[in-house]
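To keep things clear, I will list the structure first and then write my remarks on it.
The values are calculated or read from the model by the stated rules, or taken from the named source; none is laboratory data. Remember, predicted model here, so these are calculated numbers, not experimental data. Note that each Cβ is placed from the backbone with ideal geometry, even for glycine, and that neighbours are counted across all protein chains shown.
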Amino acid sequence: MDQNFHTIIEPFRIHSVEPLRMTTRAERASAIERAGFNLFNLHSQDVLIDLLTDSGTGAMSRDQWAAIQHGDESYAGSPSWFRFEAAVKELFPFKHVIPTHQGRAAEKIIFTVLGGRGKVVPNNTHFDTTRANVEASGAEARDIVIAEGRDAATIHPFKGNMDLEALEALLEERAGDVPVVFLTITNNSGGGQPVSLANIRGASEICHRHGVPLFLDACRFAENAWFIHEREEGQSQREIPDIVREIASLADGMTMSAKKDPFGNIGGWLALNDDYVAESCRNVLILTEGFPTYGGLAGRDLEALAQGLKEAVHPDYLRYRIRSTAYLGDALDAAGVPVVKPIGGHAVYIDAKAMLDHIPALQYPGQALAVALYQTGGIRSCEIGTVMFGRQPDGTELPAAMELVRLAIPRRTYTQSHIDYVIEVVTAVAQHAESLPGYRMVHEPKALRHFTARFEPIG
Ligand SMILES: *Cc1c(COP(=O)(O)O)cnc(C)c1O
């Protein structure tokens, strides 16, 4: 807009509404106990403001719902597929696009083909499903984010950057064991922090000099491109799609969850240039997902995503998106709540280690905070700490690098007054943080334990 007014304007108005269900504190106390103190086990009807994830929870636009009516459910060669493929290639001009039902299906396919015992896959920071799929193939998942990215309080404009010296050293020593290098944009598990174009260029140069392909875990590519536009020298005059295409040109392939930036309730894809690897991937796809022109998706989903991809790179939307996340983060910061800074793109991450310093890592301070936010105000958040990452492949349990609680903001879903309520609840919990108990895990599943583990408060 022409004038610099401060109020954040949602660049849409509301066309269809969903009721929220109010609960009492007593109802929430019994709901969380029944859920084994695991927020994933709650009935979502018992949640008031659901910040568990921004995945698949965004509001679709009028134009996406209209596109759904154009869904063509032909088994092979549907026009919906060709519209989807064209929309993906418009931003990511990789030779092969392989549709999947969500991001982890793309990961499962690529690591089935490229992973295996004795191999090591570096990433700035592996997302939980990415790590699990690398490890399920027998390979090692190694995180090599820059040092600033491992410290919640350090300010850096691109805290998601990969440590290029560590990458160079690894490839110098064992390039033959590295089938692919991944860069996660933005770095979800590291606080939703962006990766700079310069860092992507650097990683690309190192990978290609060693003959190793570079792949993007590109779930939040549009938010990452906005940060590049806002923060990186020489980028402020460029169009967002241009920045995205340059990022794609530096990589050899990508995995994607379309439940993030492209406003899908479901969807994903794998895209790559190598013909031989693509053929192997399609063979796995047919076994596990579906025929190559629909993958795990209905024609109507492909239509919604093709439209969503166009909306995801609109500057008015991205300006609102990033500013409204910062609005929550800045308010918590001003209230003295320790948060990861600078504020990331899709979420605000509370530093539970700093807030609950009386709870040791193996009593899960992040879980303690997440439970308290629900009990106090019906807010559902997500622990990203020792519950999620503590169990090692060798069976031992170690504290995670950070104990974070993620408040993920669904796209175009909550208004500023919902967020003002969240600020009030978090601030109230912070004021009696020292009274919150730690937790012990009383049931632990074998893989991705945070989804279904059960807990008990200690004492
Ligand atoms: C969500 C996500 C995935 C996995 O995608 P799903 O659609 O949930 O399977 C992978 N990587 C990152 C960075 C993500 O945020």
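Output the number of residues of the range 149-168 satisfying the condition of being within 19 Å of A400 (Cα to Cα), at pLDDT 95 or above and of a type in the set (A, V, I, L, M).
1
List every residue pair whose Cβ atoms sit under 8 Å apart, with the two residues 6 or more apart in sequence or on different chains, where the first one lies in the range 153-167 and is within 19 Å of D351 (Cα to Cα) and the second, anywhere, is of a type in the set (V, I, T) and not in a loop (DSSP other than H, G, I, E, B).
K159/V145; G160/V145; G160/T184
Looking at (1) more than 12 Å from the ligand (Cβ to nearest atom); (2) farther than 26 Å from G115 by Cα, which is the only condition P262 fails?
Failed condition: (1).
Residues are listed down the side, and each one gets a yes or a no for (1) at positive phi; (2) outside any loop (DSSP other than H, G, I, E, B); (3) crowded, with 24+ Cβ neighbours inside 10 Å:
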site	(1), (2), (3)
A271	no, yes, yes
Y276	no, yes, no
S280	no, yes, no
N283	no, yes, no
P292	no, no, no
G296	no, no, no
R300	no, yes, no
E303	no, yes, yes
G308	no, yes, yes
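Filter the range 372-418 for residues that are among the basic types (K, R) and farther than 20 Å from L20 by Cα and give the result.
Matches in the range 372-418: R391, R406.
Where residues in the range 201-228 are surrounded by 24 or more Cβ atoms within 10 Å (Cβ to Cβ) and over 17 Å from the mean Cα position of the chain (by Cα), which of them is nearest to R321 (Cα to Cα)?
Only one residue tops the list, namely I228.
Scan the range 163-190 for residues that are closer than 21 Å to G149 by Cβ and of a type in the set (A, V, I, L, M, F, W, C) and jot them down.
The answer is L164, A166, L167, A169, L170, L171, V178, V180, V181, F182, L183, I185.
I'd like to verify a number: residues in the range 69-95 that are surrounded by fewer than 19 Cβ atoms within 10 Å (Cβ to Cβ) and closer than 23 Å to P179 by Cα, how many?
Adding up the residues that qualify gives 2.
State whether one or more residues within the range 53-63 are closer than 18 Å to G377 by Cβ, among the acidic types (D, E) and either surrounded by 19 or more Cβ atoms within 10 Å (Cβ to Cβ) or within 16 Å of the ligand (Cβ to nearest atom) (or both).
no
Among the numbered criteria (1) at pLDDT below 95; (2) within 16 Å of the ligand (Cβ to nearest atom); (3) out of contact with any strand residue (DSSP E or B) (no Cβ under 7 Å at 6 or more places or on another chain), which one does A225 miss?
Among (1) at pLDDT below 95; (2) within 16 Å of the ligand (Cβ to nearest atom); (3) out of contact with any strand residue (DSSP E or B) (no Cβ under 7 Å at 6 or more places or on another chain), A225 violates only (1).
For the range 229-240, indicate whether the set of residues that are hydrophobic (A, V, I, L, M, F, W, C) and either free of Cβ contacts under 8 Å to residues at least 60 places away in the same chain or buried (at least 24 other Cβ atoms within 10 Å of the Cβ) (or both) is non-empty. Step through it out loud before you land on a result.
Taking the range 229-240 first, the residues hydrophobic (A, V, I, L, M, F, W, C) are 240.
Now restrict to residues that are either free of Cβ contacts under 8 Å to residues at least 60 places away in the same chain or buried (at least 24 other Cβ atoms within 10 Å of the Cβ) (or both): none.
No, that holds for no residue.
I need the full set of residues from the range 23-42 which are more than 22 Å from the chain's Cα centre (by Cα) and either in contact (Cβ under 8 Å) with a residue 60 or more places away in the chain or under 18 Å from F455 (Cβ atoms) (or both), in order please.
If the condition is that a residue be more than 22 Å from the chain's Cα centre (by Cα) and either in contact (Cβ under 8 Å) with a residue 60 or more places away in the chain or under 18 Å from F455 (Cβ atoms) (or both), then T23, R25, R28, A29, S30, A31, I32, E33, R34, A35, G36, F37 are the ones that fit.
Could you list, in sequence order, all residues of the range 72-105 that are more than 16 Å from the ligand (Cβ to nearest atom) and farther than 17 Å from G290 by Cα?
Across the range 72-105, the qualifying residues are R83, A86, A87, K89, E90, L91, P93, F94, K95.
What are the residues in the range 115-130 that are buried (at least 23 other Cβ atoms within 10 Å of the Cβ) and either in contact with a His (Cβ under 6 Å, 6 or more places away or on another chain) or part of a helix (DSSP H, G or I) (or both), if any?
Scanning the range 115-130 gives a single hit, T130.
Identify the single condition in (1) touching a Phe, Trp or Tyr at 6+ places or on another chain (Cβ under 7 Å); (2) within 16 Å of the ligand (Cβ to nearest atom) that D128 does not satisfy, given that it satisfies every other one.
(1)
Inside the range 354-459, counting only helices (runs of 4 or more DSSP H) that do not spill past its ends, which hold 3 or more residues that are polar (S, T, N, Q) and in contact (Cβ under 8 Å) with a residue 60 or more places away in the chain?
On the way: elements: 365-377, 386-389, 416-431.
The helices (runs of 4 or more DSSP H) meeting that bar are 365-377.
Residues that are in contact with a strand residue (DSSP E or B) (Cβ under 9 Å, 6 or more places away or on another chain) and over 22 Å from A326 (Cβ atoms): does the range 402-416 have at least one? Lay out the reasoning, then the answer.
The initial filter retains those residues of the range 402-416 that are in contact with a strand residue (DSSP E or B) (Cβ under 9 Å, 6 or more places away or on another chain), namely 402-410, 413-414.
Next, only the ones that are over 22 Å from A326 (Cβ atoms) stay: 403.
Checked the range 402-416: at least one residue is in contact with a strand residue (DSSP E or B) (Cβ under 9 Å, 6 or more places away or on another chain) and over 22 Å from A326 (Cβ atoms).
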